[in-house]
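Asks: Structure in structure tokens, see below.
Every number here is computed from the coordinates shown, using simple stated rules; none is lab data. Values in this document were obtained by computation on a predicted structure and should not be read as measured data. As a convention, Cβ positions derive from the backbone with ideal geometry for all residues, glycine included, and neighbour counts pool all protein chains shown.
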């Protein structure tokens, strides 16, 4: 077995938390049950990984199988990577039958015709997701297995989730191969990025609970005071205001859990508006400014701003439109009818 | 009675008992909180400032997260001639002690302690380094 393959397998196993190694190796299916039983999973990970490499040696593993193990690891821990969403466009309206073998063949063919040194691996999952792993090389160097790109494609949708490697120059080639393989004619990057792959899927597939405008002639009495205030000696003076905030929040965010995003970035290309007496920035250039909101769970924290008393309700539509518009990177230009210029209240 | 800001909603005027003490809670981590209190102060009748108003600053345990300068709060207390209490609501002991202090103040303001009026009490609460 190639030394580089052995080293790659060893490092991949080291990444896996010790309690998960057995399950992941079983999912991999490359080592037989008897071989797995010989492994001692209670020793330190260093030793476990050495034993795994030895067993792989016995089975003459090559880079293809090692790549499958890597896909399995990333499928279970996708949140370690940053994912971007791309949308593909078809020229006509014909619904072609999707053939997975055809997809694979065209994808490999397109990539290999441009670049000889690539490692391409596919794995299909039950939810119609096709995972593709591409390790990139150059005409003179073997593929770098430690910086692969991952593509997740749901064949029934025009959306592709890409976690590019640091080598961004390969991105156009990857996109080209995707549209050729999936019979689309164009691909564009959506302004939507996050570490949580499932949340990105929730947003573009509209799987999160959205609130639809329903006409309620009488306000619903379901929402009660928080349990700590069950004491009848405590009187909430602003109950109607609290209910109003809660209702507006429900309308803006819906009732269920929010998709998990870490950033919202707003790039301003607007003119600075100051008191004319202050005479600041008399050059009349657009004011270059970038506003970035970051949080471990951005949408949930935005949802809790108004009830916590930290912002006025309703929140700025620039913030609440994030899941509906499926984007968290915005460019705000001068009011020419595109985006509203209102900013968030402090 | 808990309210998020003043003035109080007018629909409950007839249900409200006499107000003996107003405690303005300022979260030291939120500038919005201070701004809210300052706007609400404008709606308080002047007679309350004779010992029936108190400022309670919360969140002082988290030194890294302070957004408001204590100087600003001291100035607020001086401007409105009212005492400023500091506490940390997340710690049960301090929470309990603060509640007991506020209760004691309320008893005085409501006139339940003979011989001590709200005004005399608040002049006792003044810092030694004022004037």
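Asks: Measure nothing fancy, just the Cα-based angle from helix A:171-182's long axis to the longest principal axis of chain A, in degrees from 0 to 90, nearest 10.
Replies: 80 degrees
Asks: How high is the FRET efficiency from residue A:96 to residue A:34, r the C-beta distance, R0 51 Å, rounded to 0.05? Please report the intermediate quantities before stating the final value.
Replies: On the way: r = 45 Å, r/R0 = 0.88.
It comes out at approximately 0.70.
Asks: Tell me what chain B gives for mean residue ellipticity at 222 nm when only DSSP H runs of n ≥ 4 count, each as -39,500 (n - 2.57), the sum divided by the residue total, rounded to 500 deg cm²/dmol. Numbers along the way, then the final one.
Replies: Numbers: 4 runs with 47 residues, N = 131.
The helix-only estimate for chain B comes to -11000 deg cm²/dmol at 222 nm.
Asks: Divide the volume of the convex hull of the Cα atoms of the range B:18-128 by its number of residues and quote the answer in cubic angstrom per residue.
Replies: On the way: hull volume 12.3 nm³, N = 111.
Expressed per residue, the convex hull around the Cα atoms of the range B:18-128 is 111 Å³.
Asks: Stretched out fully, how many nm does the piece from residue A:289 to residue A:171 gain, at 0.36 nm a residue minus the Cα gap?
Replies: Details: separation 118, 0.36 × 118 = 42.48 nm, distance 2.80 nm.
Stretched out fully, the residue A:289 to residue A:171 stretch lengthens by 39.7 nm.
Asks: Work out the FRET efficiency for residue B:13 and residue B:104 from their Cβ-Cβ distance, taking R0 = 25 Å, and round it to the nearest 0.05. Please list the in-between numbers first.
Replies: Details: r = 29 Å, r/R0 = 1.15.
E between residue B:13 and residue B:104, to the nearest 0.05, is 0.30.
Asks: Nearest 10 degrees, 0 to 90: what angle lies between the long axis of helix A:100-114 and the longest principal axis of chain A (Cα atoms)?
Replies: Helix A:100-114 sits at roughly 80 degrees to that axis.
Asks: Which parts of the range A:285-303 would a label at residue A:248 reach, counting a residue when its backbone N lies under 20 Å from a point 7 Å out along Cα-to-Cβ?
Replies: Of the residues in the range A:285-303, A:299-303 have backbone N under 20 Å from the label point off residue A:248.
Asks: Let me confirm one metric for peptide A:234-244, namely the mean number of other chain beta-carbon atoms within 10 Å of its residues' beta-carbons.
Replies: On the way: counts 2, 7, 4, 12, 8, 4, 3, 4, 1, 0, 0.
Average per residue, whole number: 4.
Asks: Relative contact order of the range B:21-104, please, whole-number percent, based on alpha carbon pairs below 8 angstrom and at least 6 residues apart.
Replies: Values: 103 pairs, mean separation 26.9, N = 84.
Relative contact order for the range B:21-104 comes out at 32 percent.
Asks: Also, quick follow-up: Listed highest first by mean packing, meaning other Cβ atoms within 10 Å per residue, what order do A:260-272, A:135-147 come in?
Replies: Values: A:260-272: 16.8, A:135-147: 14.5.
Output ranking for A:260-272, A:135-147: A:260-272, A:135-147.
Asks: With the contact rule set at Cα under 8 Å and sequence spacing of 6 or more, what percent relative contact order holds for the range A:246-333?
Replies: Values: 102 pairs, mean separation 37.2, N = 88.
Reported relative contact order: 42 percent.
Asks: Once R0 is set to 30 Å, what does the formula 1/(1 + (r/R0)^6) return for the Cβ-Cβ distance between residue A:241 and residue B:38, expressed as a FRET efficiency to the nearest 0.05? Don't jump to the answer; show the numbers that get you there.
Replies: Details: r = 19 Å, r/R0 = 0.63.
Rounded to the nearest 0.05, the efficiency is 0.95.
Asks: Order by neighbour count: A:291, A:132, fewest other Cβ atoms within 10 Å first, most last.
Replies: Neighbour counts put them in this order, fewest first: A:291, A:132.
Asks: Consider all pairwise Cα distances in the protein assembly as shown and report the whole-number % of them above 45 Å.
Replies: Working: 43478 of 113526 pairs.
Here the tail beyond 45 Å accounts for 38 percent of pairs.
Asks: Which whole-number percent is the relative contact order of chain A (Cα, under 8 Å, 6+ apart)?
Replies: Numbers: 469 pairs, mean separation 48.2, N = 346.
RCO, chain A: 14 percent.
Asks: How well do other chains shield peptide A:307-315, expressed as the mean number of their Cβ atoms within 10 Å of each residue Cβ?
Replies: Across the residues of A:307-315, the mean count of other-chain Cβ atoms within 10 Å is 2.
Asks: Work out the mean other chain Cβ neighbour count within 10 Å for the residues of B:1-9 and drop it here as an integer. Each step should come with its number before you reach the end.
Replies: Details: counts 6, 7, 6, 7, 4, 1, 1, 2, 5.
Neighbouring Cβ atoms belonging to other protein chains average 4 per residue here.
Asks: Let me ask something else. Against the longest alpha carbon principal axis of chain A, how many degrees, from 0 to 90 and to the nearest 10, is the axis of helix A:3-15 turned?
Replies: The helix A:3-15 is inclined about 40 degrees to chain A.
Asks: Determine the calculated [θ] at 222 nm for chain A from helices alone, applying -39500 (n - 2.57) to every DSSP H run no shorter than 4 residues and normalising by the residue count; nearest 500 deg cm²/dmol. Display every interim value, and only then the final one.
Replies: Working: 12 runs with 119 residues, N = 346.
It comes out at -10000 deg cm²/dmol, rounded to the nearest 500.
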